[in-house]
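Asker: To start, I am sharing the structure in question, which I have written as structure tokens.
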Amino acid sequence: MKIFSAENMHAVASRFVQELYRYDASNLTWVNLLIFLRSAYYQYETSGLVDPVPGLAVSLRPYIRSSLANDGLYRENARAPSTTHELMKLITNLQDEAYRLPTLKQRVNSYTASVSNPHAAAAQLQPSASRAFTGILTVLFCAHQRVDGRRILETDASFPNTFERFIAANRASLSNTSAAYQLADTARETRQFLRDPFAAPARQAHDPADARIDHDGWIR
């Protein structure tokens, strides 16, 4: 497809970086660029198209990392509430989940209620942040399917522990709200750590979380 030519990809990637720094959660520009890039990499993977700029995904890494760490990315965008979710899906289309895991783990921590921030989960009641969190779980799910991602997730117990804390700390505030599904979704993703053939024995030896997850996927 000529639309995904090297010239167009370079142009869109350049504009993507420019708009990243301008993003203020009030416009549609950046999400449209995200969707274009997502479409391109989806076509490269599924339609047999040759990626005309094979090094572009690596070049975009630091910019995507910068955006993921920016609190402004997760603010409510009434005009384009799917913006952050589209970025998460771009990461999976790039098959680049492993490089995002530490940053996304920190974001989950920021949504986890604590003594110093008892209302941390309140952001999940907003569409943009809620969709962003769903995107984080999607990245985690895909990371389990890739060699680089599995290597990280199987050897770092802080990942399942982070998701277990999210559920335990936020159950009271998110239950019976529009974001209640995040608790069950997070529990289901946490169960992936117990299914990993290499990670499961070590996890169960130190913290038998599977004994605390019921048939609906809830951690008890």
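Asker: Hey, any hits in the stretch 153-171 for a residue that's touching a helix residue (DSSP H, G or I) at 6+ places or on another chain (Cβ under 9 Å), of a type in the set (Asp, Glu), modelled with pLDDT under 90 and part of a loop (DSSP other than H, G, I, E, B)?
Answerer: No; the residues of the stretch 153-171 include none that is touching a helix residue (DSSP H, G or I) at 6+ places or on another chain (Cβ under 9 Å), of a type in the set (Asp, Glu), modelled with pLDDT under 90 and part of a loop (DSSP other than H, G, I, E, B).
Asker: Which residue, of Ser5, Ser82, is exposed (fewer than 15 other Cβ atoms within 10 Å of the Cβ) and touching a Pro at 6+ places or on another chain (Cβ under 9 Å)?
Answerer: Result: Ser5 is the single residue among Ser5, Ser82 that is exposed (fewer than 15 other Cβ atoms within 10 Å of the Cβ) and touching a Pro at 6+ places or on another chain (Cβ under 9 Å).
Asker: Does at least one position in the stretch 99-107 carry a residue that is basic (Lys, Arg), out of contact with any His (no Cβ under 9 Å at 6 or more places or on another chain) and in a loop (DSSP other than H, G, I, E, B)?
Answerer: Within the stretch 99-107 (the criterion being basic (Lys, Arg), out of contact with any His (no Cβ under 9 Å at 6 or more places or on another chain) and in a loop (DSSP other than H, G, I, E, B)), the answer is yes, since at least one residue qualifies.
Asker: Sticking with this one: Only one of Phe159, Phe163 is hydrophobic (A, V, I, L, M, F, W, C), within 20 Å of Ala98 (Cα to Cα), touching a Leu at 6+ places or on another chain (Cβ under 6 Å) and crowded, with 21+ Cβ neighbours inside 10 Å; which?
Answerer: Phe159 is the lone residue from the list that is hydrophobic (A, V, I, L, M, F, W, C), within 20 Å of Ala98 (Cα to Cα), touching a Leu at 6+ places or on another chain (Cβ under 6 Å) and crowded, with 21+ Cβ neighbours inside 10 Å.
Asker: Among Asn8, Asn70, Asn117, Asn32, which is the only one that is assigned by TED's automatic domain parsing to the domain that holds Phe166 and either polar (S, T, N, Q) or farther than 24 Å from Leu140 by Cα (or both)?
Answerer: Just one listed residue meets the conditions, Asn117.
Asker: Something else: Can you say whether Ala169 is more than 27 Å from Tyr23 (Cβ to Cβ) and touching a residue at least 60 places away in the same chain (Cβ under 8 Å), as far as the supplied structure shows?
Answerer: Taking the combined requirement at face value, the residue does not satisfy it.
Asker: Going through the stretch 10-29 one residue at a time, which ones are assigned to a loop (DSSP other than H, G, I, E, B) and buried (at least 16 other Cβ atoms within 10 Å of the Cβ)?
Answerer: Answer for the stretch 10-29, where residues must be assigned to a loop (DSSP other than H, G, I, E, B) and buried (at least 16 other Cβ atoms within 10 Å of the Cβ): Tyr23, Ala25.
Results for (1) crowded, with 16+ Cβ neighbours inside 10 Å; (2) within 17 Å of the chain's Cα centre (by Cα), shown as yes or no for each residue.
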| site | (1), (2) |
| --- | --- |
| Val147 | no, no |
| Ile167 | yes, yes |
| Asn170 | yes, no |
| Ser173 | yes, no |
| Ala184 | no, yes |
| Phe193 | yes, yes |
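Asker: For the stretch 62-81, what are the residues that are part of a helix (DSSP H, G or I) and of a type in the set (S, T, N, Q)?
Answerer: Ser66, Ser67
The values are calculated or read from the model by the stated rules, or taken from the named source; none is laboratory data. Because the structure is a prediction, the values reported are computed rather than measured. A quick note on method: Cβ atoms are made from the backbone with ideal geometry, for glycine too, and the neighbour counts reach across all protein chains shown.
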